[in-house]
Amino acid sequence: MSPRSASVNAELRRRSRERLLQATVDVVSEQGYEATTLKDIADRAGAARGLVSYYFPGKRQLFQSAVHRLMHLTLAEALEREPRPQGPRAGEELLARAIDAILGLAQDRPVLMRAHMAGLLQQEGFVQCDEQQRLAALLRDAVERYGSADPETDYTMLRALLMGSVVASLLPGAPMSVTRLRAELFARYGLDPALGHPPSPP
């Protein structure tokens, strides 16, 4: 039997890594972050425990990468949903979809997103990873197509506003309505409330 090619090995590694990321999202959504072990994740992914350590230096890095992947995929799906935005207001539609996608995750995945936001405030802080970079590129592109003259600065502001809104919607004991948060964000950017895809009521 001839050895596998480098491209085949790379594809197998990619699939293994994505199975671990998806398993992390699924298990933490069910059990919470603290109750989830790396063995739980490996078992759900059908992988050896050592494979987790091969790809990720620790549980926190794995979890952040998994959530950023979920956010990236959710945002990409929202931005590419048919009908694709056309015409002079295409940029406004894309920004509206981006806002709605992130707020929708906060509403639909509260256990996951609450743990993610709490993790960002830990000592390890913000983990730079491929998934986070893909998410950033999508948000930056949406800001640029919206018409920003300084996409990098405006992307950073949008990210901060979205993170703040997610935290506000998940604050234990005093959560803010996603509908109200959406209205505030849309007003800030001058977006028509009819744009985008508003998160469904919980």
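One table, with the values for the structure above:
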quantity	calculated
Test: Arg134 is surrounded by fewer than 20 Cβ atoms within 10 Å (Cβ to Cβ), among the basic types (Lys, Arg), at negative phi and part of a helix (DSSP H, G or I)	yes
Selected residue (criterion: farthest from Ile99 (Cα to Cα)) from residues of the stretch 174-188 that are of a type outside the set (D, E, K, R) and surrounded by fewer than 18 Cβ atoms within 10 Å (Cβ to Cβ)	Ala174
Test result for Ala101, under 14 Å from Arg17 (Cβ atoms), in contact with a helix residue (DSSP H, G or I) (Cβ under 8 Å, 6 or more places away or on another chain) and crowded, with 17+ Cβ neighbours inside 10 Å	no
First in the stretch 143-154 and under 17 Å from Leu191 (Cβ atoms), second anywhere and among the hydroxyl-bearing types (Ser, Thr, Tyr) and surrounded by 17 or more Cβ atoms within 10 Å (Cβ to Cβ), Cβ under 7 Å, 6 or more apart	Val143/Tyr155; Asp154/Ser148
Residue identified as modelled with pLDDT under 95, surrounded by fewer than 20 Cβ atoms within 10 Å (Cβ to Cβ) and closer than 18 Å to Ser169 by Cβ among Gly119, Gly125	Gly119
Test: residue in the stretch 143-162 that is in a loop (DSSP other than H, G, I, E, B), out of contact with any Cys (no Cβ under 7 Å at 6 or more places or on another chain), buried (at least 17 other Cβ atoms within 10 Å of the Cβ) and among the β-branched types (Val, Ile, Thr)	no
Failed item in (1) assigned to a helix (DSSP H, G or I); (2) within 22 Å of Ala115 (Cα to Cα); (3) modelled with pLDDT under 95, with Pro172 passing the rest	(1)
Members of the stretch 11-50 that are of a type in the set (A, V, I, L, M), farther than 21 Å from Gly125 by Cα and crowded, with 17+ Cβ neighbours inside 10 Å	Leu20, Ala23, Val27, Ile41, Ala42, Ala45, Ala47
Contacts under 7 angstrom Cβ, first residue in the stretch 48-71 being within 14 Å of Arg19 (Cα to Cα), partner surrounded by 13 or more Cβ atoms within 10 Å (Cβ to Cβ) and of a type in the set (D, E, K, R), 6 or more apart	Tyr55/Arg17; Ser65/Glu131; Arg69/Glu131
Val111 being of a type in the set (Val, Ile, Thr) and farther than 30 Å from Ala194 by Cα	no
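The values are calculated or read from the model by the stated rules, or taken from the named source; none is laboratory data. Just so it is clear, the model here is predicted, and its values are computed rather than measured. Heads up, the Cβs are rebuilt from the backbone with ideal geometry, glycines too, and the neighbour counts pull from every protein chain shown.
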